[in-house]
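The values are calculated or read from the model by the stated rules, or taken from the named source; none is laboratory data. Not measured: the values here are computed from a predicted model. Glycine gets a Cβ as well: all are built from the backbone with ideal geometry, and neighbour counts include every protein chain shown. Only protein heavy atoms, including side chains, enter the accessible area calculation; ligands, DNA and RNA are left aside. Shrake-Rupley method; radii C 1.70, N 1.55, O 1.52, S 1.80 Å.
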Amino acid sequence: MVEEGLRNELSRQNIFLTSIQELYNWGRRNSLWPLNFGLACCAIEMIAASMARFDIARFGAEVFRPSPRQADLMIVAGTVTKKMAPMVVRLYNQMPEPKYVIAMGACAISGGPFKRGYNVLKGIDRYIPVDVYIPGCPPRPEALLHGLITLQRKIAGERLTGPERPRHLRELEPSEYPIPAYGPYDLDPPKNTELWHPKPFVRDA
Amino acid sequence: MSRQTEGQQFASALGMGNASPEGPRGDSPVLPPPAGPLYEAKPKPGSARAAEGETLEVAVGPHHPSTHGVFRMDVVLDGERIISLKPRFGYLHRNHEKLCEGGTYLMAIPYTDRLDYFCSLTNNWAYVLAVEKLAGVEAPERAEYLRVITAELTRLLNHSCLVGFLLQDMGAMGTPLMYAFREREKLVDLFEELTGARMMCNYMRFGGCRTDASAGWLERTRRVVDDFPRFLDEFEDLLTSNEILLARTQGVGKLSAELAINAGVTGPMLRASGVAYDIRKAAPYGIYERFAFRVPVGEHGDVYDRYMIRMLEMRESVRILKQALKEIPEGPVLNPKARRRNFRPPVGEAYGRLEAPKGELGFYLISDGSPRPYRFRIRAPSFINLTILEDMCLGHTLQDAVIILGSVDIVMGEVDR
């Protein structure tokens, strides 16, 4: 690696040095194409974030694609019910790699105010891996932008090689996850145990 | 699997070359093409040739950019014409009614925000109206004015966004919706200042409103309301006589007054079909009888009339707002006699309804004297307005069905509840 001072000195001489990894992450993080996918209330704030005042285009993520085949960021904006969860997982499976998920709002994170309901999934991270969680009910558009920037930082820090490679560069990690079926009582399976590892709750003595 | 060298990992990450241990990329098994088309085509019984009169079944949704949320239409097409359309919902069923029965009366107010998430303030008001009827509580004068002001601001917000989304469905990507959301931001800023939240306001309480409006807030509201007709003129210049809009909407999705009444359709949908029924006039609630305003009525009941009714209603709302902002008195905003905690209404039942931007929104409550409602039922206008979708769409093309659905003005939070 070239040290920072030398690199600055060279850039003053119109010589730019970079590594392929940096170039690759730079290109990808600045043109995230989100899936045009609204579930409930949070979708309105997602639309508001893409409008003139908040202008998600400043971060290169304004190209909302109607088809999952063209998108690489899924913003799960709203309550995921048990009837809708299989479709959400299927849409995720249809997205090309590398793909990222933002869980926007309390409902997508944990079920939120509807957690006690019999028909509401208690968090989309039971079925698909989530990169960034944005709390709020609904989160303000600024919070969504902050979540997007957080995801961009995460992408910028990704390593292309070595043991710290992200999920989509590991051969043994799946790029598709099993789609739950709508069983007689609950979704079957109720969670993907290989994916979902909640931290055990330890009560203070 | 053998360990890859770093160079191979690198190449694999960039999608180049043969890093996969199974062999080079070209050797990977190619999936055979699907045996037949992925849609279902059935020949019509009695048709002469195999291809003639085939019908095509398409499921539009639940993930579709134009279905206004997670809504599915099972459409049967003959060529491009719709011969059957079955709405399928339940993808956003969040158990509102049961959750509200499980909590106290006060705890239900935040849930009403999330019913129709564009119009949280009118939802609050309809619920509070039912509880006030049940318990016999009255709101002070200033609170009644604040309720009218916030409800009419909500109507402006809902109708302007609806027109934006309707044009988005027609293919006018961006501009009208951007204009509508520009105005929405002004209105949600007012809501945020008054209630603390942009969308989920949670503002009204039994016997009044949660917080008082400052003089500065009223002044800023006056400014926004005075500026609003300018936006409406701009919007109408752009849209009302636009040739493409006329071609797409006139004569499309006609709804007769008779069918609309029989199906229980309310709100702008009913008025576009030529029935002058507005709960603000027919059964005035709050202080609406003090204000002078007109009820716009359509002639044809097509999509264009539904668009136009909303434009005219916004102008009437501006009129109501100007009167209310002029007359608003000083005073308390909460009735000190009304209990909110440990609140037990007497045994009985009550139905509170009002003219929400989408139609008649009603809450039916049964009390058994306990702190929790025994039965909590919501009459959601967009759910009932959706029941006649098939009648309006038959004989039209699929792209017309999309704008007919847009003109119904549904919000899935309210339809599925």
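Given the Cα atoms of region B:369-417, and with Rh set as the inverse mean 1/r over their pairs in the Kirkwood sense, what is Rg to Rh to two decimals? Don't skip to the answer; put the middle values down first.
On the way: Rg = 15.6 Å, Rh = 12.7 Å.
Ratio value, two decimals: 1.23.
For chain A: lysine pairs with Cα atoms under 21 Å, gap of 8 or more or different chains, count?
Lysine pairs meeting both conditions in chain A amount to 13.
Roughly how big is chain B's charge dipole about its Cα centre, with Cβ charges of +1 (Lys, Arg) and -1 (Asp, Glu), in debye to the nearest 20?
Using Cβ point charges on Lys, Arg, Asp and Glu, chain B gives about 1420 debye.
How big is the Rg/Rh ratio for the protein assembly as shown, C-alpha atoms only, Rh by Kirkwood, two decimals?
1.01
Solvent-accessible area per residue for the protein assembly as shown at a 1.4 Å probe radius, Å²? Could you put the intermediate results ahead of the total?
Values: 27670 Å² over 622 residues.
Value returned for the protein assembly as shown: 44 Å² of accessible area per residue.
When the dipole is taken about the Cα centre of the protein assembly as shown, and only Lys, Arg (+1) and Asp, Glu (-1) are charged at their Cβ, what size is it in debye, to the nearest 20?
For the protein assembly as shown, the charge dipole is close to 1640 debye.
For the protein assembly as shown, with the dipole built from +1 on Lys and Arg beta-carbon atoms and -1 on Asp and Glu ones, taken about the Cα centre, which of A:196, B:240, B:62 lies farthest toward the positive end?
A:196
Taking just the alpha carbons, could you work out the radius of gyration and Dmax for region B:82-216, both in angstroms?
17.3, 57
With both partners inside the protein assembly as shown, how many of the DSSP beta bridges are antiparallel, as a percent to the nearest 5?
80 percent
Can you give me the three principal axis dimensions of region B:66-123 from its C-alpha atoms, in Å, biggest first?
Rounded to whole Å, the extents work out to 53, 22, 13 Å.
If the cut-off is a Cα-Cα distance under 17 Å, which lysines reach residue B:337, setting aside same-chain residues fewer than 8 apart in sequence?
List returned: B:133.
Per residue, how big is the convex hull around the C-alpha atoms of region A:51-205? Give it to me in cubic angstrom, could you?
Convex hull of Cα atoms, per residue: 157 Å³.
If you keep only loop residues by DSSP, which chymotrypsin sites (Phe, Trp or Tyr not before Pro) in region A:5-53 have at most 14 other Cβ atoms within 10 Å of their Cβ?
Numbers: sites: A:16, A:24, A:26, A:37; in loops: A:16, A:37.
Listed in order of number, the matching sites are A:16.
Chains B and A: how much accessible area gets covered up at their contact, both sides added, probe 1.4 Å, in Å² to the nearest hundred?
By this definition, chains B and A bury close to 3800 Å².
With just the Cα atoms of region A:80-135, tell me how far they stretch along each of the three principal axes, in Å, largest first.
34, 23, 12
Between A:102, A:155, A:124, where does the largest GNM mean-square fluctuation fall for chain A, given springs only between Cα atoms within less than 10 Å?
A:155
Can you list the lysines whose alpha carbon is less than 24 Å from that of residue B:326, not counting same-chain residues fewer than 8 positions off?
Cα-Cα hits under 24 Å: B:186, B:281.
Have a look at A:175, A:15, A:107 and report the one farthest towards the positive end of the charge dipole of the protein assembly as shown, computed about the Cα centre with Cβ charges (Lys/Arg +1, Asp/Glu -1).
Going by the charge dipole, the pick is A:107.
Between the chain alone and the structure with every protein chain in place, find the residues of region A:109-143 that drop at least 10 Å² of accessible area; heavy atoms, 1.4 Å probe.
Checking the loss per residue gives A:113, A:114, A:116, A:117, A:118, A:119, A:120, A:137, A:138, A:140.
So, in nm, how far is label residue B:182 from label residue A:182 when the simple model puts each one 7 Å beyond its Cα toward the Cβ?
4.3 nm
Viscosity 0.692 mPa s, temperature 37 °C: Stokes-Einstein D of region B:201-264 from its Kirkwood Cα radius, in µm² per second?
Diffusion coefficient, whole number: 199 µm²/s.
Please label the shape of region B:211-348 as rounded, prolate or oblate, based on the square roots a ≥ b ≥ c of the eigenvalues of the alpha-carbon gyration tensor (a/c under 1.5 means rounded; beyond that, a/b larger than b/c means prolate, else oblate).
Since a/c reaches 1.5 but b/c is at least a/b, the shape of region B:211-348 is classed as oblate.
Would you work out what percent of the accessible area of region B:287-417, with all protein chains in place, is carbon or sulfur (probe 1.4 Å)?
51 percent
Using the crude model of +1 on Lys and Arg Cβ and -1 on Asp and Glu Cβ, and no other charge, please compute the dipole size for region B:96-218 relative to its Cα centre, in debye to 20. Present the calculation step by step, with values, prior to reporting the outcome.
Details: 12 positive and 16 negative charges, 21 e Å.
For region B:96-218, the charge dipole is close to 100 debye.
What does the helix-only formula give at 222 nm for chain B: each DSSP H stretch with n ≥ 4 adding -39500 (n - 2.57), the total divided by the residues, and the result rounded to the nearest 500 deg cm²/dmol?
-14000 deg cm²/dmol
Across peptide B:70-81, how many C-beta atoms of other chains are within 10 Å of each residue C-beta, on average?
Working: counts 13, 0, 1, 0, 0, 0, 0, 0, 0, 0, 0, 0.
That works out to 1 on average.
Between rounded, prolate and oblate, where does region A:138-191 land on the alpha carbon gyration tensor, with a ≥ b ≥ c its root eigenvalues, rounded for a/c under 1.5, else prolate if a/b exceeds b/c?
oblate
Return the calculated 222 nm mean residue ellipticity for chain A, to the nearest 500 deg cm²/dmol, obtained by summing -39500 (n - 2.57) across DSSP H runs with n ≥ 4 and dividing by the residue count. Walk me through the numbers on the way to the answer.
Numbers: 6 runs with 60 residues, N = 205.
Result for chain A, helices only: -8500 deg cm²/dmol.
Taking a probe of 1.4 angstrom, what is the accessible area of residue A:31 in Å², to the nearest 10?
50 Å²
Does chain B come out rounded, prolate or oblate by the C-alpha gyration tensor, with a ≥ b ≥ c the root eigenvalues, rounded set by a/c under 1.5 and, if not, prolate when a/b is larger than b/c and oblate if not?
Prolate, because a/c is 1.5 or more and a/b exceeds b/c.
Among A:63, B:135, A:84, which residue has its Cα positioned farthest towards the positive end of the charge dipole of the protein assembly as shown, with +1 placed on the Cβ of Lys and Arg, -1 on the Cβ of Asp and Glu, and the dipole taken about the Cα centre?
With unit charges placed on the Cβ atoms, the residue in question is B:135.
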